[in-house]
1. Tally up the residues in region 114-168 that are over 17 Å from residue 241 (Cβ atoms), in contact with a strand residue (DSSP E or B) (Cβ under 9 Å, 6 or more places away or on another chain) and modelled with pLDDT of 80 or more, please.
2. Picking from 600, 589, 573, which residue would you name as being assigned by TED's automatic domain parsing to the domain that holds residue 747 and within 31 Å of the chain's Cα centre (by Cα)?
3. Out of the residues in region 204-226 meeting the condition of being in contact with a helix residue (DSSP H, G or I) (Cβ under 6 Å, 6 or more places away or on another chain) and modelled with pLDDT of 90 or more, tell me which one is surrounded by the fewest Cβ atoms within 10 Å (Cβ to Cβ).
4. Scan the helices (runs of 4 or more DSSP H) fully inside region 625-713 and keep the ones with 2 or more residues being touching a helix residue (DSSP H, G or I) at 6+ places or on another chain (Cβ under 8 Å) and at pLDDT 90 or above.
5. Could you check, for region 570-582, whether at least one of its residues is assigned to a helix (DSSP H, G or I), without any contact (Cβ under 8 Å) to a residue 40 or more places away in the chain and within 30 Å of residue 697 (Cβ to Cβ)?
6. Quick one: how many residues across region 406-459 are surrounded by fewer than 16 Cβ atoms within 10 Å (Cβ to Cβ) and in contact with a helix residue (DSSP H, G or I) (Cβ under 9 Å, 6 or more places away or on another chain)?
7. Would you pick out the residues in region 165-180 that are touching a helix residue (DSSP H, G or I) at 6+ places or on another chain (Cβ under 6 Å) and either assigned by TED's automatic domain parsing to the domain that holds residue 471 or closer than 25 Å to residue 249 by Cα (or both)?
8. What tally of residues in region 268-292 results from selecting those that are part of a helix (DSSP H, G or I) and crowded, with 17+ Cβ neighbours inside 10 Å?
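The values are calculated or read from the model by the stated rules, or taken from the named source; none is laboratory data. Note that this is a predicted model, so its numbers are computed, not measured. Methodologically, a virtual Cβ is constructed for each residue, glycine included, from the backbone with ideal geometry; neighbour enumeration extends over all protein chains shown.
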């Protein structure tokens, strides 16, 4: 049939399509039309036929008929949730006049909503990647299905059979939500559930449940009611894709309605004017026009815009206040470092933010300072702190110390806890577990500010803990964690949902934008997604930058003590190696299955158990077999503790993942006669404070044995040694252990000892720790350049590197590594290094020359800063110049030492630099600390003397051993 004959049906078909197909179906149909997915379009009488390519590998045959009852669509796709699927709608649009299609697209915002945001080449159906619209459709379909099949109790509060307000409860009656149905076709309905407000779909399972019941109850009347426009005009908020105010016209629009539509709305019925001006005017008109209704959602929408506006000016005002106060913030009784002042200003100014400083940099004190400042302004009255149980005692002490306020610590039985909540104290402290038990009491507390410490506890959004914590009603939220991203981007997503859900949007859109599929290895007969990779990390950094502040130790290194690390590699006994290899072999067998198909839950548990057995065997034989008493690690620990016992009053913290291992280690300390305490999950919360106080204050209590559960968030600067009885899979967990001791307030070098079983699963773990840190740094580092990283799912991703342990030859260092290790040992023992080759000599010269050039560049930058009128910042460049210069003259192998140790342990004893150099570096560090972040200007004579001395020192330095 000719095109003209097909288009003779245009008006009738499009009018019926507008009634019988929802906007979301039409949007997807427009997308199919735009991408040219309709083929073999033909017409026979009142019937149109075509083939449409969708998400299936084969196109769907579609037949569209126009009958006296409306449109009849016959499509081969499985979609049956609405009368017309997207394929049928696409065929109708393809057979219609382009101008009519454009009019329809403009009415529903199709040009914008139908835009395909999928990057070119991001994925195909073969790899399982779906377009943005296809994924969105799947998400809606999931909610439709859940609304149909999950048991819910629906009670009509007001209105009719279809339109009105309803109360929807789950089967257990624990949760109930208000649902308002305003339109059966356009997504302007509303639900009070959390999913509706963040999913950008315009629906949820509760809305779909109400609509499903209405369809069943009303039968054929439902379609008629759905198509019938009401006698009133309604101004509402559409929440599909992004919130926007729309006008739903009445069946017979009055002149006043048309006047409002023409003045404030575009041709598609979307608000086109500034909502700050337009919405108040529309609300004023609605009070005079009885058949014009403005939904409450519109007021909430406007309030959010005005709140965002005021927050911007409020943030600037608070930052100015804090900058003017310096380290003496309102209500704060302590002294803050400059970077801590910046952190407190960031938290107080933003109101809701994530502070992701490295462990040990004082996130607790920054949060307390910010909270006290907000209380002083009158912005905050009640603060709720949620933290691990082991940290409640510490938070209480810090609040009393810095704020002079006695906080209320929640503990005891239900009756006692209820009494404590009723105090409504300025600061209330509760642990994560009690948030679940006391959900209603916590909600009744109605805190103005919520502080989540060690917030990695909510990084898994699927857990009950994360769900309950995010339900706490608070206007402002401080999220504190040194490890916002431990293994997966999902970790960061869950944390930021607690801060500001709008930043990253719904999870499905987040996954689409920042995850990519990773195909299986070449050679498989059928390609399958092996895991998940990441993309668009540069965009992710831009999005989170306004609400995430992270400073690493390197940025404040001059305020932290130095850290010394020793790794002791221990050989397994034959029995332990046999146990270890059995576990690794079992894990490898299960992991091999994952290359062919997804693992079952039972297989995942078996995989975890096998890896656990291999790791336990590296610690002690009795952990896997009661009859095996072998444990090279406990033997080595005994030797370390015997040496430690002779070193006066020094204290150490010993960590293990397993309580039984910790208890066996503590028994070794008892045999030696070293006083100690033991902290693990079984120790009651009420006893932990006294236990930690004894370790800090009793000189005879030299050791603290702790599991990882006990190590989270503790401040243990009284110790100067950290002993790790094994390497955890997660690098963040290892950092947490060390940061308990190596943190602000530590006045001595921190000694870190790691016990590692040689040629075992632990050496594989050691290698994997470096790779695991890459994702963390690439997302959160300001200077990160990578935008794509590959990884593999969950546990398999973590263990794949360590399965190399099946090949014993892969673990001993190769010849070059052994030579380097021997050379380092010789240097440390004072032996003469072997003669270098000519190539090594030339490489040393180039390295030294590069360091000298860097030193002169830094000094030139310092002079430029002085010329620019900001001499206070020049001292940092002077320090960097001196550090580069002294590294240039350092012997090979020693240049990686921290600058102060390099000077005093190597360069000064060898006569390679003068004492003037050491004094100048120390002066540069102190002066930088005094003036670097201060508004005060240093004396001109001090600046010129420092620059002159640095310039003279560079001129006098020798070329260095590596350049000879």
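1. Of the residues in that region, 15 qualify.
2. On the way: 589 fails: within 31 Å of the chain's Cα centre (by Cα); 573 fails: within 31 Å of the chain's Cα centre (by Cα).
Every option except 600 fails the conditions.
3. It comes out as 212.
4. It comes to 632-644, 659-672.
5. Looking only at region 570-582, we keep the residues that are assigned to a helix (DSSP H, G or I), and these are 574-582.
Then drop every residue that is not without any contact (Cβ under 8 Å) to a residue 40 or more places away in the chain, which leaves 574, 578, 582.
Cutting the leftovers down to within 30 Å of residue 697 (Cβ to Cβ) gives us none.
Checked region 570-582: no residue is assigned to a helix (DSSP H, G or I), without any contact (Cβ under 8 Å) to a residue 40 or more places away in the chain and within 30 Å of residue 697 (Cβ to Cβ).
6. 10
7. 166, 179
8. Here is the first cut: in region 268-292, the residues part of a helix (DSSP H, G or I) are 275-286.
Narrowing further to those that are crowded, with 17+ Cβ neighbours inside 10 Å: 275, 278-279, 282, 285-286.
Of the residues in that region, 6 qualify.
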